[in-house]
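The values are calculated or read from the model by the stated rules, or taken from the named source; none is laboratory data. Only a predicted model underlies this, so the values are computations on that prediction, with no experimental measurement involved. A quick note on method: Cβ atoms are made from the backbone with ideal geometry, for glycine too, and the neighbour counts reach across all protein chains shown.
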Amino acid sequence: MRSGLIWVAVFIIPGVCFGQYGFQKLVTTSGTYDATWPPALNDTGAISFKGVKGSTSGIYRVTSGLTQTIASSPGTFSSFDEVTSINNLGNVAFYGSSSLHGIYVGNGISITTIADTSGPLSPFMGPPSINNLGQVSFHSSRDAGGNGVFRGVGVPVSPVNIALTGATYSGFGRNTANNESGQVAFRAGIVSGGDALLIGNGISTITVATTSGPFFAFDALSINDSGQVAFSAMNDDGSFGVYFYNGSTISTIATTSSYSRFGSVNLSNSGMVAFYAEVANSIDQGIFFGPNPAINKLIRVGDNLDGGIVGNIAFSPFGLNNNNQFAFTASVGSGTGIYLATAVPEPVTIALVFLIAAGAGAACWRTRAIFHRMIHQEVELPE
C-alpha cells in the first residue's frame, strides 16, 4: 500500500444466519416406551427424561444416540416425578420414591442422595434444578415446621438454606432454578403482604419483582448464569405475560394479547427466552420465543413434523440449552417422540468493507432481528 493513498477493499464472503430450525428425533415411544415426559437438555445435546413401559418406569439419559438408565422402578425406586434436570457432566437430578422419598442425582453408575425423608425435610415439592457444580435447588417442607428453598450437593452435607418461612416469608412456590454461581430463583409469599420473585444464594437476596407493582402473581421462572431471570406472571388487570429481568429492569416478552395462557419458561445465557403457550383464539399450543406466534414460533400443534401432523407438545422448564437448542416431546400421528431442534444455517452474502484507519463490518441484519425477537421462554407437563 502506498503512503498517502486511501484504499478501500470490499470482500464478498459467505455468511450464515439462522432463519429456521431443523428437528431430530431422539426418542420414540414405538416399542420402547408407552409414554415419555418432556426432556431436560444440557449444553452437549444430551437429554434426560422419565419413561414408562407397562409396569416399569425409569429415569433415562440419551447421549449421542445412546440411551442409559439412571434409575428404574421396580428396583431401587417405586416411582418418579415427571420432570428431571441434567447438567453438562450428564448428572441427572430427579425426585424418586421408595421406602423414603427424596431428591437424587444419578450418573448411570451411582446415585447420590441430595435430601430425603430420613432427614429434617419432607415432603419435597417441584422439580429439582441442577447446575454444573452438582448443586441442586429444590423446595421442601420442614419436619420442624414451615418450609423453605434449599440448595444441596448430597449427604452428609446438609443443604444450604436459601430462604425459610418465618419473619419475612410466609411460603414459597413449587419451582426453583439455579445457576453456575449457586444463585437460586424462587417465588415467595411475603409476611407483610403480597408476593415476590427473588434470587438468593444463602447469604443475600435480590428482589426481581413484587406484587406491589403491575404484577398480581408469579408462576414459571428460569435464571441464567448472569443472574438474569425470565418468568411468567399474572397482572393486576387479569392479563398474563412472559417477562425478562436483565439485572436492573424488566421488559415484556409476550402477553395474552397474542396468547391465551403460558406454561414453562426457559432462559439461555445469551438472553433467549423460550416458553410454552396456547395461542389466543385457538386451542393450538406450542413453543415460542417472542410476542408474535406466527413469527416467533419454534413449533405448534398442526405443524408438519417427522412425516405427520403435530397433535400435542410438552416443553420442560429445562428444555432450552445455552446453544439455543430445544428439546421437547410431541405426538405425531399415533406415536409420541422426543425431538431436538437446532438452528439451521442459511447462506447469505455479507460485504465487509475495510478502511486504512478503521474497519467496519456489515452484520447480518436478519440474525440480529431474529436474535432480538428470540432474546426473551417455561414448561407444560402432560396431565
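Is it true that Gly311 is within 24 Å of Gly194 (Cβ to Cβ) and assigned to a strand (DSSP E or B)? The answer is no for Gly311.
Scanning region 296-317 for residues that are over 17 Å from Glu278 (Cβ atoms) and of a type in the set (Val, Ile, Thr) yields one hit, Ile309. Would you call Thr76 under 30 Å from Pro156 (Cα atoms), among the β-branched types (Val, Ile, Thr) and modelled with pLDDT under 95? The answer is yes for Thr76.
Residues of region 23-53 being assigned to a loop (DSSP other than H, G, I, E, B) and modelled with pLDDT under 95, which ones?
Thr29, Ser30, Gly31, Thr32, Tyr33, Asp34
From the residues in region 97-122 that are surrounded by fewer than 15 Cβ atoms within 10 Å (Cβ to Cβ) and aliphatic (A, V, I, L, M), which one is farthest from Ser264 (Cα to Cα)? If we take residues in region 97-122 being surrounded by fewer than 15 Cβ atoms within 10 Å (Cβ to Cβ) and aliphatic (A, V, I, L, M), then Ile109 is farthest from Ser264 (Cα to Cα). Consider Ser140 carefully, then state whether it is buried (at least 16 other Cβ atoms within 10 Å of the Cβ), within 22 Å of the chain's Cα centre (by Cα) and assigned to a strand (DSSP E or B). When the stated conditions are applied, Ser140 passes them.
Report, by residue number, each residue of region 72-83 that is surrounded by 22 or more Cβ atoms within 10 Å (Cβ to Cβ) and under 15 Å from Phe49 (Cβ atoms).
Phe80, Val83, listed by residue number.
State whether one or more residues within region 84-96 are surrounded by fewer than 17 Cβ atoms within 10 Å (Cβ to Cβ), in contact with a strand residue (DSSP E or B) (Cβ under 9 Å, 6 or more places away or on another chain), modelled with pLDDT of 95 or more and assigned to a loop (DSSP other than H, G, I, E, B). So far as region 84-96 goes, no, none of its residues is surrounded by fewer than 17 Cβ atoms within 10 Å (Cβ to Cβ), in contact with a strand residue (DSSP E or B) (Cβ under 9 Å, 6 or more places away or on another chain), modelled with pLDDT of 95 or more and assigned to a loop (DSSP other than H, G, I, E, B). Just one of the listed residues (Ser239, Ser270) is more than 18 Å from the chain's Cα centre (by Cα) and farther than 16 Å from Ala177 by Cβ, namely Ser239.
Taken as a whole, region 193-205 holds at least one residue that is of a type in the set (S, T, N, Q) and in contact with a strand residue (DSSP E or B) (Cβ under 8 Å, 6 or more places away or on another chain).
Does at least one position in region 340-351 carry a residue that is under 30 Å from Ile283 (Cα atoms), within 20 Å of the chain's Cα centre (by Cα), at pLDDT below 95 and surrounded by 13 or more Cβ atoms within 10 Å (Cβ to Cβ)? The answer is yes, given that some residue of region 340-351 is under 30 Å from Ile283 (Cα atoms), within 20 Å of the chain's Cα centre (by Cα), at pLDDT below 95 and surrounded by 13 or more Cβ atoms within 10 Å (Cβ to Cβ).
Out of Gly148, Gly173, Gly126, I need the residue that is closer than 18 Å to Glu82 by Cα, of a type in the set (Gly, Ala, Ser), at pLDDT 95 or above and part of a strand (DSSP E or B). Which one?
One residue alone meets the criteria, Gly173.
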